Each structure stands twice: as structure tokens, then as C-alpha cells.
Amino acid sequence: MASAIAIHSLSVRFQTDFPVIENFSLNVPNGQFISIVGPSGCGKTTLLNLLTGMLPFEEGSITIAGSSPVIGNPDIAYMLARDSLLPWRSALGNAYYGMELRGVSKQERKARALNLLKRVGLKDFENAWPKTLSQGMRQRVALARTFALTSPVLLMDEPFAALDAQTKLQLEDLTLELWENEHRTVLFVTHDLAEAVALSDRIIVMSKRPGRIIADIPIPLPRPRTVQALHKDHDFHQIYVRVWEKLQEGLGEDADQK
Ligand SMILES: Nc1ncnc2c1ncn2[C@@H]1O[C@H](COP(=O)(O)OP(=O)(O)O)[C@@H](O)[C@H]1O
Ligand SMILES: [Mg+2]
């Protein structure tokens, strides 16, 4: 199967000599939902910034959606932890903003955005301003905006980290639903292990800085999945514990001190 993302021997340093990411290699096949978990500061966001071309690198190589990382590549969509909605645009205007930047015709972008808003449960809120929406609703709009793009590769950086537990579960289910329709390649960064296990085909566990891959764990749970059903599932819990143990190993001495 062709790779949507191929990273080879990547190492990255900022000003100091102490690397942020070291000797990092990863192949993500087309259509895979892969999560990256790892302690805060291990370089997860840095990795996404490298993949989108926002950060240059000198050591190693990256191919994503068939080319080198380049800012504004329409084959990649990027969703962040904070909803980053434009306050002067309605929910609908925000939902089609990404498509607008990519030159999708007004008629098409409106139709697609309305469809996605409906699917994320915001059918009656298309004209609402972001400030009148709850944080969960704003993140639904951001989810709609991301999935409304036709990009084959989606990068998501802790998109639900700022949400309360209940809303987070709802949005995880929505993500499963949206993804299961199309099976695009998703690289999903999270520090929530249950979220990673529930959503992914595969989980990469990173060590503390300098971030290296310490485990590559397949998640053979059947699909379609719902978060609620998974939380009662024996296999789900076994995999969760395995990922958790690997993460502890990656914390090394820090974990011993706690
Ligand atoms: N532009 C930058 N200049 C210098 N150091 C940075 C920069 N961006 C991130 N870092 C450092 O790199 C490390 C990894 O950061 P980050 O990728 O944000 O981690 P994570 O997303 O895994 O929490 C941290 O130690 C952070 O302080
Ligand atoms: Mg981060």
C-alpha cells in the first residue's frame, strides 16, 4: 500500500544542541488512522509543524501526500486544539472558510459546509456567531471545517484537549463516524490514551524529549466503533494498559521519581 506519510531518520534541533526529535522514522499507509501519544514537550506539535512545512528541518526526509512538506498544500488539512474560529464569521462562514481559501466555488462550499454542520449536530446554528456557541459547539464547527475539505491527509493536534469529558466523548464518536465514511489518512496527536485507542488503527508512543518512537502498537478493534461500546470492551482495556505501560517506559527516570 502506498504511504500517505513517510518520515525517514528525522532529527530536529532548535537553538540549542539538545534535539527535540531524534532519529524519527515512520510510514503511514494511505487511509490509516494513526495516533501519536507522548509526554508533554516530546515534540508532537513540532512534528506536525514539520509535516505542514511550517518548520524547516535539516536532517532526514519527509514525504507527505506525495511531496515534500509545503505550506498551504491542499492535500493536507490541519486542525488544532483551540477552535481557531474567526469571530466575525458565522458558523457556516467558518465551516467553509478552509474551502474558500482553496478556491472552492461559493455554491459548492456552502453545500458542503451545510452538510457537514448537519452531520456534527449544528443544523440550526449555521448563522450563529462563534461567541454565542459553547466551546464544544465551536469545536464541532472546526471539525466540520476540517472534514469539509477534500484533503486526503488530515493532521489533528489534540483537537479535543480543551473540552469537558462528556463533550469530548461526543466529538470522538463524531470523528469516528466522519472518518469511517471515507477512510482518509489521519494523524492524530493526543495525550489521552483512551481517545487514541478508541479512534486509531495504530498508536505510536513517543519518549520524552528528545522524542523517539518507543512503541508502535496496532489496534485491531473491529469497526465501526462507538466510544461508549468500547469503554465496556475487554480488549479495549487490555490495549489501553499496554499503551499506558509503554508510555511509562518512555518517561524513564521521571516516572521512577513520582
Ligand atoms: N520554536 C521553538 N523554539 C525553541 N523551542 C521550541 C520551539 N517550539 C517548541 N520548542 C520546544 O520543543 C519541545 C517540543 O515542543 P512541542 O512539539 O510543542 O511538544 P508537544 O506538542 O509534544 O507537547 C519543547 O521542549 C518546546 O519547548
Ligand atoms: Mg503539542
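FYI, it's all coordinate maths here, none of it is from the lab. Computed from a predicted structure; not experimentally measured. Heads up, the Cβs are rebuilt from the backbone with ideal geometry, glycines too, and the neighbour counts pull from every protein chain shown.
Using alpha carbon centroids, what distance separates the range 199-213 and the range 219-253, in Å?
14
Taking only Cα atoms, what is the 0 to 90° angle, nearest 10, from helix 135-148's long axis to the longest principal axis of the chain?
So the helix axis and the longest Cα principal axis differ by about 90 degrees.
Hand me the chymotrypsin sites (Phe, Trp or Tyr not before Pro) from the range 75-117 located in a DSSP loop with no more than 15 other Cβ atoms within 10 Å, in residue order please.
Trp88
Given a Förster distance of 35 angstrom, what is the FRET efficiency for Ser9 paired with Glu245, based on the Cβ-Cβ distance and rounded to 0.05?
0.85
Could you let me know the centre-to-centre spacing of the range 1-55 and the range 148-176, using Cα atoms, in angstrom?
20
Just the Cα atoms of the range 67-111, one point each, no solvent: what log10 I(q)/I(0) does Debye give at q = 0.23 Å⁻¹?
The calculated log intensity ratios at q = 0.23 Å⁻¹ are -0.93.
Per 10 Å bin from zero, what fraction in whole % of the C-alpha pairs of the chain is there, up to the bin with the longest pair?
Reading upward from the zero bin: 7, 30, 35, 22, 6, 0.
Of all the C-alpha pairs in the range 1-112, what % are more than 24 Å from each other?
38
Measure nothing but the geometry: give the 0 to 90° angle between the long axis through the Cα atoms of 106-119 and the longest principal axis through the Cα atoms of the chain, rounded to 10°.
Roughly 70 degrees between the two axes.
On each of the three principal axes of the Cα atoms of the range 132-258, give max minus min coordinate, whole Å, ordered largest first.
45, 31, 29
Report for the range 122-258 the percent antiparallel among DSSP-assigned beta bridges with both residues inside it, nearest 5.
Here the share of antiparallel DSSP bridges comes out near 50 percent.
For the charge dipole of the range 123-175, defined by +1 on Lys and Arg C-beta atoms and -1 on Asp and Glu C-beta atoms about the Cα centroid, which residue among Ala142, Leu171, Leu155 has the Cα displaced farthest towards the positive pole?
Ala142
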